[in-house]
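The values are calculated or read from the model by the stated rules, or taken from the named source; none is laboratory data. The structure displayed is predicted, hence computed values, not measured ones. So basically every Cβ, Gly included, is an ideal-geometry build from the backbone, and we count neighbours across all protein chains shown. Ligands, DNA and RNA are stripped out before the accessible areas are found, and what is left, the full protein with its side chains, is counted by its heavy atoms. Shrake-Rupley method; radii C 1.70, N 1.55, O 1.52, S 1.80 Å.
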Amino acid sequence: MSKVLVSDPIDQIGIDILSQVAQVDVKVGLKPEEIVKIIPEYDALMLRSGTKVTKEIIEAGKELKIIGRAGVGVDNIDVPAATRNGIIVVNSPEGNTIAAAEHALAMMLALSRHIPDADLSIKDNQWDRKSFVGVEVYKKSLGIVGLGKIGSHVAAVARAMGMKILAFDPFISQERAEQIGAVLVDLNTLFSESDYITLHVPKTPETTHLINAQSIAKMKPTTRIINCSRGGIIDEDALAQALLEGKIAGAALDVFEQEPLGESKLRGLKNVILTPHLGASTTEAQVNVAIDVAEQIRDVLLGLPARSAVNIPGLTPEVMEKMGHYLKLAETLGTLVGQLAGGRIDQLNISLQGELASNESKPIVVASIKGLLTPALRERVNYVNASLEAKERGIKVIETRDASTHDYSATLHLSARGDLGEHSVTGALLSNGEIRIVDLDGFPINVPPSNYMVFTLHRDMPGIIGNIGSLLGSFNVNIASMQVGRKIVRGDAVMALSLDDPLPEGLLSEIGKVEGIRDAYTVKL
């Protein structure tokens, strides 16, 4: 039975889902070195933001198949290390959308009306109304950095409150921004024209310290900044200095560069609201993310795809349902062309042809690479690490599209260059999903792939097929099917043989000695 380690508190409903397929051990508060010692016995790890999943933990987890983060951000997981080790990393990108958006809005309103300080004042038996004169958000400009699901919900609510929405997001189209009711602007415009700025982006090299002394210098002295996304997007020392000097009016932060927050200049400032990473801390959000991630871990342990894998490019359940047969085709062709090219492959060309050219290409590219590397790496290569394994081996992958059609409405063409030269193969699907190899090195054929195959390049001459058949028969090798493809009579041709059993040791060299045979290859699919 599979085993799952839960290293942070999650809702009981998540435990119940995991318990359907696995033994679940809840061990909260473990140090990284303690997790390293016990992780080798687990197939899955589920966590929130408290656990730091280091490279050492990942490399020690020899049985790990999946790491699930019950939340959105995965910056506490070494995703590149997980990818390199073929471990799926999943999150819950939508489970806490409403909670995070509402917290950002709450922080904006609390900051505008001095609610935390006013609350403390009246609890201290004071009645000081003059010190807490606030500002309205109505007709103010809200600059949203990151117009994803959370940022979009913030925009919708803020518009309902009468705010003007400016947005910066290089991955959002003008049409989508207009649907949301936002005006797309560059960062400099957003910084200089916004009365409020709210951040909704992941922490990346591009977003780290996005708010710094230089960007703050472009803002109005009345600007207020809200960050309920990830710590590290704001240079906290620069922010504290700007607040102290009155360069901006205030800030509300739920996330920090170091959590828990240690010694910080922000603690002593009155125009700052600080909360301890509460963005996803609602009853509803905790239930949602627990269900979402637990279901994904359960599915992966059952051999099914994950919904929200952050390190499998484009491979969603919808894609699997729509393109599953084509992914199998891509894997098969990748395995075939890799063995034909032989040894070290330095280049793989992938061409999506006909109707296939209009489909999402990333999953097909990944499947082709996985097939190419499988004979050498076996179970060590999967959809998670295939592209990385190819890159580390110096394999150049080139993708092209050709919308024209010939004998089949959709085909996939692969060519590879390796130790045995450059070879190509084209495959298609029949209406029932069966795979056909329809071209080999430019020669037309029509054969279904089988476990054991032999391909030859030979002169089209009388007797050669009979000689090959007799030779295989003398070694007690049974031929399941045989087909020849040629371009011109008595020119070069290819032969595709499907065998019931592996080719005996030494027989391939004997085939190469048959008169008229130029090359012979054995393939295991």
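Starting from segment 129-152, keep only residues that are without any contact (Cβ under 8 Å) to a residue 40 or more places away in the chain, then list their pairs with residues that are open to solvent by 50 Å² or more (accessible area, probe 1.4 Å) and of a type in the set (D, E, K, R) whose Cβ atoms are within a distance under 6 Å, requiring at least 6 positions of separation or different chains.
If the second residue must be open to solvent by 50 Å² or more (accessible area, probe 1.4 Å) and of a type in the set (D, E, K, R), the pairs left are G134/R113.
Go through the residues of segment 95-110 one by one and say whether even a single one is in a loop (DSSP other than H, G, I, E, B), within 30 Å of V53 (Cβ to Cβ) and under 24 Å from the mean Cα position of the chain (by Cα).
Yes: segment 95-110 contains one or more residues that are in a loop (DSSP other than H, G, I, E, B), within 30 Å of V53 (Cβ to Cβ) and under 24 Å from the mean Cα position of the chain (by Cα).
Take the residues in segment 324-338 that are within 20 Å of the chain's Cα centre (by Cα) and open to solvent by 20 Å² or more (accessible area, probe 1.4 Å); name whichever of them is nearest to Y521 (Cα to Cα).
E331
Which of the residues spanning segment 389-401 are modelled with pLDDT of 80 or more and either exposed (fewer than 14 other Cβ atoms within 10 Å of the Cβ) or under 21 Å from the mean Cα position of the chain (by Cα) (or both)?
Selection gives A390, K391, G394, I395, K396, V397, I398, E399, T400.
Given the options R159, R176, name the one that is closer than 27 Å to T208 by Cα, free of Cβ contacts under 8 Å to residues at least 60 places away in the same chain and of a type in the set (K, R).
The match here is R176.
Taking segment 120-159, which residues are loosely packed, with under 12 Cβ neighbours inside 10 Å, assigned to a helix (DSSP H, G or I) and of a type in the set (D, E, K, R)?
Within segment 120-159, K123, K130 meet the criteria.
Go through (1) more than 30 Å from A70 (Cα to Cα); (2) at pLDDT 95 or above; (3) surrounded by fewer than 19 Cβ atoms within 10 Å (Cβ to Cβ) for P116 and report which single condition fails.
Failed condition: (1).
Answer yes or no as to whether P502 is touching a residue at least 24 places away in the same chain (Cβ under 8 Å), over 21 Å from G354 (Cα atoms) and assigned to a loop (DSSP other than H, G, I, E, B).
Yes: the conditions hold for P502.
Could you list, in sequence order, all residues of segment 246-264 that are open to solvent by 50 Å² or more (accessible area, probe 1.4 Å) and more than 17 Å from I216 (Cα to Cα)? Lay out the reasoning, then the answer.
Step one: filter segment 246-264 for residues open to solvent by 50 Å² or more (accessible area, probe 1.4 Å), giving 247, 257-260, 263.
Listed by number, the residues that qualify are E257, Q258, E259, P260, E263.
Take the conditions in a helix (DSSP H, G or I), polar (S, T, N, Q) and in contact with a Leu (Cβ under 9 Å, 6 or more places away or on another chain) and apply them to T51. Does it pass?
The answer is no for T51.
Please verify whether K218 is in a loop (DSSP other than H, G, I, E, B), under 24 Å from H103 (Cβ atoms), charged (D, E, K, R) and open to solvent by 20 Å² or more (accessible area, probe 1.4 Å), treating the condition exactly as stated.
no
Just to be sure I understand, how many residues within segment 98-108 are out of contact with any strand residue (DSSP E or B) (no Cβ under 7 Å at 6 or more places or on another chain) and either open to solvent by 70 Å² or more (accessible area, probe 1.4 Å) or touching a residue at least 40 places away in the same chain (Cβ under 8 Å) (or both)?
Step one: list which residues in segment 98-108 are out of contact with any strand residue (DSSP E or B) (no Cβ under 7 Å at 6 or more places or on another chain), which gives 98-103, 105-106.
With the extra rule that they be either open to solvent by 70 Å² or more (accessible area, probe 1.4 Å) or touching a residue at least 40 places away in the same chain (Cβ under 8 Å) (or both), the set shrinks to 98-103, 105.
The qualifying residues number 7.
Among the acidic types (D, E) and under 19 Å from I297 (Cβ atoms), is that true of D124?
No; evaluated as a whole, the condition is false for this residue.
Can you tell me which residues in segment 438-484 are among the small types (G, A, S), within 37 Å of the chain's Cα centre (by Cα) and either closer than 12 Å to V514 by Cβ or surrounded by 14 or more Cβ atoms within 10 Å (Cβ to Cβ) (or both)?
Passing the criteria: only S450.
Hey, can you tell me all the residues within segment 160-190 that are assigned to a helix (DSSP H, G or I), open to solvent by less than 40 Å² (accessible area, probe 1.4 Å) and closer than 19 Å to M107 by Cβ?
Selection gives L190 alone.
Every residue in segment 457-498 that is assigned to a strand (DSSP E or B) and farther than 30 Å from S431 by Cβ, please.
If the condition is that a residue be assigned to a strand (DSSP E or B) and farther than 30 Å from S431 by Cβ, then L457, H458, R459, D492 are the ones that fit.
Quickly run through segment 76-92 and pick out the residues that are buried (at least 19 other Cβ atoms within 10 Å of the Cβ) and not hydrophobic (A, V, I, L, M, F, W, C).
If the condition is that a residue be buried (at least 19 other Cβ atoms within 10 Å of the Cβ) and not hydrophobic (A, V, I, L, M, F, W, C), then D78, T83, G86, N91, S92 are the ones that fit.
Restricting to segment 257-275, name every residue that is farther than 12 Å from N227 by Cα and part of a loop (DSSP other than H, G, I, E, B).
Q258, E259, P260, L261, G262, E263, S264, L269, K270, N271
What single numbered condition from (1) over 17 Å from L301 (Cβ atoms); (2) at pLDDT 95 or above; (3) among the aliphatic types (A, V, I, L, M) fails to hold for I77?
(2)
Does V24 meet the test of being touching a residue at least 24 places away in the same chain (Cβ under 8 Å) and surrounded by 14 or more Cβ atoms within 10 Å (Cβ to Cβ)?
No; evaluated as a whole, the condition is false for this residue.
Output the residue which, of all residues in segment 352-388 that are open to solvent by 70 Å² or more (accessible area, probe 1.4 Å) and touching a residue at least 40 places away in the same chain (Cβ under 8 Å), is farthest from the chain's Cα centre (by Cα).
By that ranking, first place goes to E355.
Of these, K513, K487, which one is under 26 Å from G343 (Cβ atoms), of a type in the set (D, E, K, R) and exposed (fewer than 13 other Cβ atoms within 10 Å of the Cβ)?
Among K513, K487, only K513 is under 26 Å from G343 (Cβ atoms), of a type in the set (D, E, K, R) and exposed (fewer than 13 other Cβ atoms within 10 Å of the Cβ).
Filter segment 27-69 down to residues that are of a type in the set (G, A, S) and at pLDDT 95 or above and give me whichever is most open to solvent (accessible area, probe 1.4 Å).
Here the answer is A60.
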